[in-house]
Structures are given as structure tokens and as C-alpha cells.
1. Output the residues belonging to the stretch 275-313 that are assigned to a strand (DSSP E or B), open to solvent by less than 50 Å² (accessible area, probe 1.4 Å) and hydroxyl-bearing (S, T, Y).
2. For the stretch 150-158, state whether one or more residues are surrounded by fewer than 17 Cβ atoms within 10 Å (Cβ to Cβ), charged (D, E, K, R) and either part of a loop (DSSP other than H, G, I, E, B) or free of Cβ contacts under 8 Å to residues at least 12 places away in the same chain (or both).
3. Here is a list of conditions, (1) closer than 24 Å to A73 by Cβ; (2) in a strand (DSSP E or B), and T147 meets all of them except one; can you say which number that is?
4. Scan the stretch 188-208 for residues that are open to solvent by 20 Å² or more (accessible area, probe 1.4 Å) and more than 10 Å from P237 (Cβ to Cβ) and jot them down.
5. Identify the single condition in (1) without any contact (Cβ under 8 Å) to a residue 40 or more places away in the chain; (2) touching a Gly at 6+ places or on another chain (Cβ under 9 Å) that G281 does not satisfy, given that it satisfies every other one.
6. Given the conditions (1) over 21 Å from P313 (Cβ atoms); (2) buried (at least 17 other Cβ atoms within 10 Å of the Cβ), report the number of the one that L258 does not fulfil.
7. Please determine whether any residue of the stretch 238-253 is without any contact (Cβ under 8 Å) to a residue 60 or more places away in the chain, open to solvent by 30 Å² or more (accessible area, probe 1.4 Å), more than 17 Å from E275 (Cα to Cα) and under 16 Å from the mean Cα position of the chain (by Cα).
8. Give the stretch 168-184 a look and list any residue that's modelled with pLDDT of 80 or more and open to solvent by less than 30 Å² (accessible area, probe 1.4 Å), or say none.
Amino acid sequence: MRPTLWCVILAACGAACQRADNTPPASETPAAPDTAAPAAPAAAPTPPPSPAATKVTLVEGFLTPESVLHDPAQDIYFVSNINGGPTAKDNNGFISRVRPDGAVENLKFIEGAHNGVTLNAPKGLAIRGDTLWAADIDVVRAFDAKTGAARDSVIAQTGALYITDTGIRFDDVGNVLHPGPDRIFRVGPDRQVTVAVRGDTLGRPNGITLDSLGKRFIVVSFGGRSVLAWKPGDKAPSVIAKGAGGFDGVEIAGSRILVSSWSDSTVSSYETGQEVKLITGVPSPGDIGYDARRKRVLIPILSGNRVEIWQLP
């Protein structure tokens, strides 16, 4: 079957990659004091919950937005718009440019069937230098990030593309089927496509990002509840955390892993394997982005045709 490409990341991760230790600390439950014996030491006070994220603004007018990406070089947000069925080769997908203040600079900055562009249902986005990459059903397309012009798909010599294949397809009435297989593709500088890892343990892989501090990739699954770590050379990923599942996007924010979930309409943070719900009430949150300059989470709301911008504490 044809692959269903969902997310894409351009990154380099060599043989020196090592898995970081993310084993959560064991919990301790203080014993109840015995009236006939000295009281047990008082339990440490429970720390207050982490301050909640706050909504900065929302931007409307998109058409099935799936991914948001911050380009720090231009200080601009790119938004991919499926604009129809997620596997329909209708050549009407487009990519928007949005300023950090929420103003839409160009709704159809890159548009299918215009200026020599083919773009059907763009989903995950990645950027390297001045090249913007978009996963588009069963191909990966490259564009000039400054002009929007289509580019030949030549990958920089300093890195490779890693792309998740969720292994799903849609029937004639929109039901999601999973004939598989679940895979992560690698597209090298020589444009050679290889399967980097495959198997049911990927759980319909969706979001993928590079954890440069941990020297590994973080992968989240749409069909399971696992947050996974994987590095080239590993035969299978390892589970580093569990959550609500139905995961879509994943980003690294300092020492935290940010993950969006369709199952409970949240964006959560994972640190040492513990889940903290940062943002709630965001239905169908797609491939989130992260603005490190402002510590903001960028959330595409597919069903709502909008993008919400949230400030982290």
C-alpha cells in the first residue's frame, strides 16, 4: 500500500546517540503514625501545581490546519492546511504565514495548483536553513521558506529527513482503517529512502522530534498511549512515558516534552516520565509547534479551523 506520511523532521543524529535515563523516581507513601509509638516524621508538603499556561490569542480562517512551525530565522509561523480530505489528491492544500502577534501575513503563501506548486494535503512541517519541508500524503515536498517557490527535493548534506508513516488509510465514508505497516522513513542526503524502523511497537507513529540533549528521537503514537524514544540503530523504540493516547504533535521545550492528545483534548508536558497537563479544552489538537523565543505553544485545531497560541509559565 502507499504510505500515509504524517509528520516530518529534518535532523542529524549519528552513531554517538545514547538513550537518556528517564526512569521516574519511586514514590514514597509515609506510614500512618502509631499512637503507642513516636510519630513518624511529617511528610514533605505537597508542592503546588505548576502554573497553568495562558492563552495569548487565537487565529481563525484556516482550512483544516494540521501543523504549525516557528521559523526562528524569519520569526514567522507556518501553518499547513489540508483543505479537504487528508488523503485526497486534489491539489488544493496550502501553507500560511502568520506573524507572532497573530496577524495572518499571507493565508495562501504556498498554494497547490498555483505558481507551479503541487500540494494536496500538507501535514507535518520541518525547516532547515531557507528550505521548508512538508509531508504530503505519500511524498515530501520542499519549498523556499522566503518566497514559497517549489524546490527540487535535494536534502542538505548535514542532515536527513525522518518521516512517520502512520499506516492508516480512510475508506469512502471517512472511517480510519489501519492496514499498516507502521514505519519511520529516512531520506538521506543522497535522496535514498530507507525504512529506519518498523513494527507494531510504533503504535501508528504520528509526531516525531529530535531531542538534541538526549541524543535521540521522541516519537508519539496515535494508536496507543506511549511516548517513545528511539535512536538510529535501535531495532525498536523504548517507552519513556504513558499518557491519554491519541497523540499527534510533539515538541521539545527545554527539559520538557510537549505532546498534544486527541483523546483528552490536551497538551501535556512529560519530564522524567511524569505527565502534567498544561493546556486543556483544545479539541483535535494537531501537530503543535513551539516558539522558543517567547516560550509559546502553537496549537492547530483541525476541527475548528483555527490556531491557538498559548504562553507557557
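The values are calculated or read from the model by the stated rules, or taken from the named source; none is laboratory data. Here the structure is a predicted model, which means the values were calculated and not measured. Cβ placement follows ideal geometry from the backbone for every residue including glycine, while neighbour counts extend to all protein chains displayed. Heavy atoms of the whole protein, side chains included, go into the accessibility calculation; ligands, DNA and RNA do not. Shrake-Rupley method; radii C 1.70, N 1.55, O 1.52, S 1.80 Å.
1. Y290
2. yes
3. T147 satisfies all of (1) closer than 24 Å to A73 by Cβ; (2) in a strand (DSSP E or B) except (2).
4. P189, D190, R191, Q192, V193, T194, V195, A196, R198, D200, R204 - these are the residues of the stretch 188-208 that are open to solvent by 20 Å² or more (accessible area, probe 1.4 Å) and more than 10 Å from P237 (Cβ to Cβ).
5. All conditions pass for G281, except number (2).
6. Checking L258 against (1) over 21 Å from P313 (Cβ atoms); (2) buried (at least 17 other Cβ atoms within 10 Å of the Cβ), the one that fails is (1).
7. no
8. D182, I184 - these are the residues of the stretch 168-184 that are modelled with pLDDT of 80 or more and open to solvent by less than 30 Å² (accessible area, probe 1.4 Å).
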